[in-house]
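Shown next, in structure tokens, is the structure this report addresses.
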Amino acid sequence: YYSRAIQSAPDFLAAHFHLGLHFLKNEKLSEALIQFNNVLSLDPEHFGAHFFKGVVLLKKEELDEAKEIFKKIILSDDTYFDAWNNLGVIALKQNRGQDAVDAFAKALSIHPENETTRSNLAHTFLH
């Protein structure tokens, strides 16, 4: 559906975005990245495209680039829970234990009941 919409209207931003989400959900990371980049070429300030591009890069283990995206997101909204949690995951993968603890703690200050982040924080102490 989204591919057909893009063929008939190449600048249809929502179609690119939702196609990117579809590819991400199906672990087609390169295709998802293309779509989120398409969205950002149409709207450089598209918050969701920035966030999900960061998610794709994290999944592709392109950690430094993902980190920069999530850092920019929290500069514009420091209560964005998922960005803090993802920064913690990146720090953990890069063996930056204290940065991971700090990021997970900030995420938990926003959503203290989140079990995934609690587990991530506990995992930090096992390394």
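The values are calculated or read from the model by the stated rules, or taken from the named source; none is laboratory data. These figures come from a predicted structure and were not determined experimentally. A quick note on method: Cβ atoms are made from the backbone with ideal geometry, for glycine too, and the neighbour counts reach across all protein chains shown. All accessible areas refer to the heavy atoms of the entire protein, side chains included, with ligands and DNA or RNA removed. Shrake-Rupley method; radii C 1.70, N 1.55, O 1.52, S 1.80 Å.
Some points to look at:
- Single condition HIS127 does not satisfy, out of (1) open to solvent by 80 Å² or more (accessible area, probe 1.4 Å); (2) modelled with pLDDT of 95 or more; (3) of a type outside the set (A, V, I, L, M, F, W, C); (4) farther than 23 Å from SER30 by Cα: (2)
- Counting only helices (runs of 4 or more DSSP H) that sit wholly inside the range 1-70, those with at least 2 residues that are under 30 Å from ASN95 (Cα atoms) and in contact (Cβ under 8 Å) with a residue 24 or more places away in the chain are 13-25, 29-42, 47-59.
- Assessment of the range 91-108 against the conditions (in contact with a helix residue (DSSP H, G or I) (Cβ under 7 Å, 6 or more places away or on another chain), at pLDDT 95 or above, within 22 Å of SER119 (Cα to Cα) and of a type in the set (Val, Ile, Thr)) yields at least one matching residue.
- Test for LYS59: is it of a type outside the set (S, T, N, Q), closer than 30 Å to SER3 by Cα and under 14 Å from the mean Cα position of the chain (by Cα): yes
Yes/no matrix, rows are residues, columns are (1) modelled with pLDDT under 95; (2) surrounded by fewer than 20 Cβ atoms within 10 Å (Cβ to Cβ); (3) under 26 Å from THR124 (Cβ atoms):
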site	(1), (2), (3)
ILE6	yes, yes, no
HIS16	yes, no, no
LYS28	no, yes, no
GLY48	no, yes, no
LYS60	no, yes, yes
ALA66	no, no, yes
